[in-house]
1. Quick check on the range 124-156: of everything there that is in a helix (DSSP H, G or I), in contact with a strand residue (DSSP E or B) (Cβ under 7 Å, 6 or more places away or on another chain) and in the same structural domain as residue 46 (by TED's automatic domain parsing), which residue is surrounded by the fewest Cβ atoms within 10 Å (Cβ to Cβ)?
2. Look through the range 321-353, keep the residues that are over 25 Å from the mean Cα position of the chain (by Cα) and not in a strand (DSSP E or B), and return whichever of them is nearest to residue 37 (Cα to Cα).
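The values are calculated or read from the model by the stated rules, or taken from the named source; none is laboratory data. These figures come from a predicted structure and were not determined experimentally. Here the Cβ positions follow ideal geometry from the backbone for every residue, glycine too, while neighbour counts run over all protein chains shown.
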């Protein structure tokens, strides 16, 4: 197992450590529900240094990204980031990832931890134009500061202007005396916040100063357990659960990250265009249990007659609404808000209701 540069910090804080994507990672500290609510109401800090980072540089950098990405990176400007997917040439998804533009010949892409090697091989295979590729995953650490008080916490540590940062923007500046920190207004919780990319050697220092700066706002370290429940409440896909090599971005409700432009050819463009025009047979939906029960991955989704129509891809007990929630693929005719569906939980078939994303909405 690999360790992030923050492993000693997690142990000192009494975190429960588990294996995830080849790394020893903190699953929880004070408890999943407590950490979840802290992020929704105050501020939390996550270690997500297991994520992968690639640099794509040179005169052919954009050409490579445009080829492999379903979104349109030509719309980026320096200081902007973009969510997108990697179509696999067979209608499915290699991974979902973020693209950051430094300038016209320098981009950073951020990929899922479990897919670092697979994604690197995919980028390398598609790099017929010979863009410069560099895998920086082993040199960079990543922390996420998320919640209503994330900005107030961060403003104590940097002179960079954060108040006006819209989502999917980033700056490179000094943070707590450390130079060249990437401060990105992105996250995976449904809350306002920032992600901090730093050199491995600076990660422990940054972790400590963020915890100190957020102390007056009730900051707590947050593990991967609450990260998962937070993203599920927000209706955000998890690779390997809700999207994979067999699901298309159109089916997954990620059509906003698929851009069909005459000037842009990309892998699976014709296939995805056909899906957009003709429709798909199944769609990913969010749902809330109407009866007491906790849905889990692979539980069957049934219709009113008890016939299987799909399966749960992600499910949990929502710490905020105190009901079971989940996501799953169902036939398109069932993918409408307020549609009744049923989840088979052990030997019981329990009623649920399809809801519009996000599943949890702040009042």
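1. Ranking the qualifying residues of the range 124-156, first place goes to 154.
2. Applying the filter and picking the extreme gives 338.
Every residue, every condition in (1) assigned to a strand (DSSP E or B); (2) under 15 Å from residue 146 (Cα atoms); (3) outside the structural domain of residue 189 (by TED's automatic domain parsing); (4) free of Cβ contacts under 8 Å to residues at least 12 places away in the same chain, yes or no:
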site: 8; (1), (2), (3), (4): no, no, no, no
site: 11; (1), (2), (3), (4): no, no, no, yes
site: 14; (1), (2), (3), (4): no, no, no, no
site: 18; (1), (2), (3), (4): yes, no, no, no
site: 24; (1), (2), (3), (4): yes, no, no, no
site: 30; (1), (2), (3), (4): no, no, no, no
site: 34; (1), (2), (3), (4): no, yes, no, no
site: 40; (1), (2), (3), (4): no, yes, no, no
site: 45; (1), (2), (3), (4): yes, yes, no, no
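Yes/no matrix, rows are residues, columns are (1) in a strand (DSSP E or B); (2) in contact with a strand residue (DSSP E or B) (Cβ under 9 Å, 6 or more places away or on another chain); (3) surrounded by fewer than 18 Cβ atoms within 10 Å (Cβ to Cβ); (4) not assigned by TED's automatic domain parsing to the domain that holds residue 88:
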residue: 246; (1), (2), (3), (4): no, yes, yes, yes
residue: 262; (1), (2), (3), (4): no, no, yes, yes
residue: 270; (1), (2), (3), (4): no, no, yes, yes
residue: 276; (1), (2), (3), (4): no, no, yes, yes
residue: 287; (1), (2), (3), (4): yes, yes, no, yes
residue: 292; (1), (2), (3), (4): no, yes, yes, yes
residue: 315; (1), (2), (3), (4): yes, yes, no, yes
residue: 319; (1), (2), (3), (4): no, no, no, yes
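Conditions tested, residue by residue: (1) modelled with pLDDT under 95; (2) over 28 Å from residue 362 (Cβ atoms); (3) touching a strand residue (DSSP E or B) at 6+ places or on another chain (Cβ under 8 Å).
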{"site": "185", "(1), (2), (3)": "no, no, yes"}
{"site": "193", "(1), (2), (3)": "no, no, yes"}
{"site": "199", "(1), (2), (3)": "no, yes, yes"}
{"site": "204", "(1), (2), (3)": "no, yes, no"}
{"site": "211", "(1), (2), (3)": "no, no, yes"}
{"site": "219", "(1), (2), (3)": "no, no, yes"}
{"site": "224", "(1), (2), (3)": "no, no, yes"}
